[in-house]
Ligand SMILES: *Cc1c(COP(=O)(O)O)cnc(C)c1O
């Protein structure tokens, strides 16, 4: 049978009553209507590109037609009394993200990409570490851009600065007196394994090592408590679980205790204390705003600002509870058939060690995912052999999970 037809009716596949009952009891079920999800598709890739919220559509129309189209340059300052001016956008968005990651609003800066922000926080961390500590420690399997930015910065610094890559499990054993900082991604993009941010931050602090967390697959997926953990720096992505849209601005976190001492490597005018004074010398703005570099990306920041309103009335604990229930259910449905269908689970079953995705190895993962996507079940393939399914507690139902698991099963049975 052609694989496409196997899943032809996936989004209308009948769902058992016990699954429907879970949706009926789901306190977040109403959030789904805030998003525009295409018909005939089960979208399990919100961890790569979050779905479009209706608020974003309205806001982007308003910011283009009214704010840009009519008010033109006046919009930089228009509404400044109420904090609606474009100039204040980075700070406004920062405050919304702060709540999701356990930070104070003045500890978050928004703009640029995660990669660029990684450069900024690495430079800041290496700049406040004791001079005899010149090693930047990281997970050897960290996300490529984290590794590349760290390579670029250590090469630029020279002077004995070095990137040391060790397996994630051995990080604790490598917190030695020559280590300045450790750069870790909390949730592994392939396996979905979630590191214990609080425990590792505490171990690092005890060893005099600064922590830099990449929250790309954490922020908006479950509550993060950076200050509760005593983390030093962090970065994260605007277009994954925060649903800010393709290429959305990213964020960085710098704990207050470092604001005064941490160097701002990309000291641009928008991070100046008074940009329009046009002074000759850089004087940092108060708080993390100093890490904003250039002119705010108004269109994409506005989209992210609107997207973040989806979280305003959401209990972040409920978000985590639902996320774990979704991923638990997906694994439970595939468990009985996994071995027969050559699926090897690589995501931890232990809830505390799981992000908001489920991943399997499969010998033909690339082809299987291409077939699934063609049939309207969108996850993604990650080299060399990983099938990755992301679950977004804001807009996924338990019925989606049921249909997705049955779809994966049907597709693999049809291929066998
Ligand atoms: C997605 C992702 C990024 C993305 O970086 P960009 O600069 O936005 O391309 C960074 N780190 C991790 C761990 C990611 O998963």
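Laboratory data are not the source of any read-out in this text; all were calculated from the coordinates shown. Just so it is clear, the model here is predicted, and its values are computed rather than measured. Reconstructed Cβ throughout: ideal geometry from the backbone, glycine too, with neighbour counts over all protein chains shown.
In µm²/s, what is D for segment 283-416 at 20 °C and 1.002 mPa s, where D = kT/(6 pi eta Rh) by Stokes-Einstein and Rh is the Kirkwood radius from Cα pairs? Present the calculation step by step, with values, prior to reporting the outcome.
Numbers: Rh = 17.2 Å.
D = 125 µm²/s.
Can you tell me the FRET efficiency between residue 279 and residue 373 if r is taken as the Cβ-Cβ distance and R0 is 60 Å, rounded to the nearest 0.05?
Numbers: r = 53 Å, r/R0 = 0.88.
Using R0 = 60 Å, I get an efficiency of 0.70.
Would you kindly state how much longer the chain becomes between residue 332 and residue 199 on full extension, computed as 0.36 nm times their sequence separation minus their alpha carbon distance, in nm to one decimal? Write out the running numbers ahead of the final one.
Working: separation 133, 0.36 × 133 = 47.88 nm, distance 2.88 nm.
Going from the current span to full extension adds 45.0 nm.
If you count the DSSP beta bridges with both ends in the chain, what percent of them are antiparallel, to the nearest 5?
Values: 22 of 41 bridges.
Percentage antiparallel, nearest 5: 55.
For segment 332-381, what are the per-bin percents of Cα-Cα distances with bins 10 Å wide, up to the bin holding the maximum?
23, 52, 24, 1
Mind running the shape call on segment 87-311? Use the C-alpha gyration tensor, a ≥ b ≥ c as the square roots of the eigenvalues: rounded below 1.5 for a/c, prolate if a/b tops b/c, oblate otherwise.
Oblate shape, in that a/c is at least 1.5 and b/c is the bigger or equal ratio.
Would you mind pulling out the separation of the Cα centroids of segment 134-196 and segment 296-329, in Å?
Cα centroid of segment 134-196 versus Cα centroid of segment 296-329: 28 Å apart.
Sorted by packing (mean other beta-carbon atoms within 10 Å per residue), highest first, where do 16-28, 402-414 land? It would help to have the intermediate numbers written out before the result.
Numbers: 16-28: 13.6, 402-414: 21.2.
Result, highest mean Cβ count within 10 Å first: 402-414, 16-28.
Counting each pair of different Cα atoms once, what's the Kirkwood radius of segment 241-295 in Å, rounded to one decimal?
Values: mean 1/r = 0.0809 Å⁻¹.
Every distinct Cα pair counted, the radius reaches 12.4 Å.
Kirkwood hydrodynamic radius, computed over distinct alpha-carbon pairs, for segment 52-132: how many Å, to one decimal?
Values: mean 1/r = 0.0661 Å⁻¹.
15.1 Å is the Kirkwood radius here.
So if we plug the beta-carbon distance of residue 80 and residue 170 into 1/(1 + (r/R0)^6) with R0 = 45 Å, what FRET efficiency do we get, rounded to 0.05?
Details: r = 51 Å, r/R0 = 1.13.
Calculated transfer efficiency: 0.30.
How large is Rg/Rh for the chain, to two decimals, with Cα atoms and a Kirkwood Rh? Mind showing how you got there, number by number?
Details: Rg = 22.2 Å, Rh = 22.4 Å.
We get a ratio of 0.99 for the chain.
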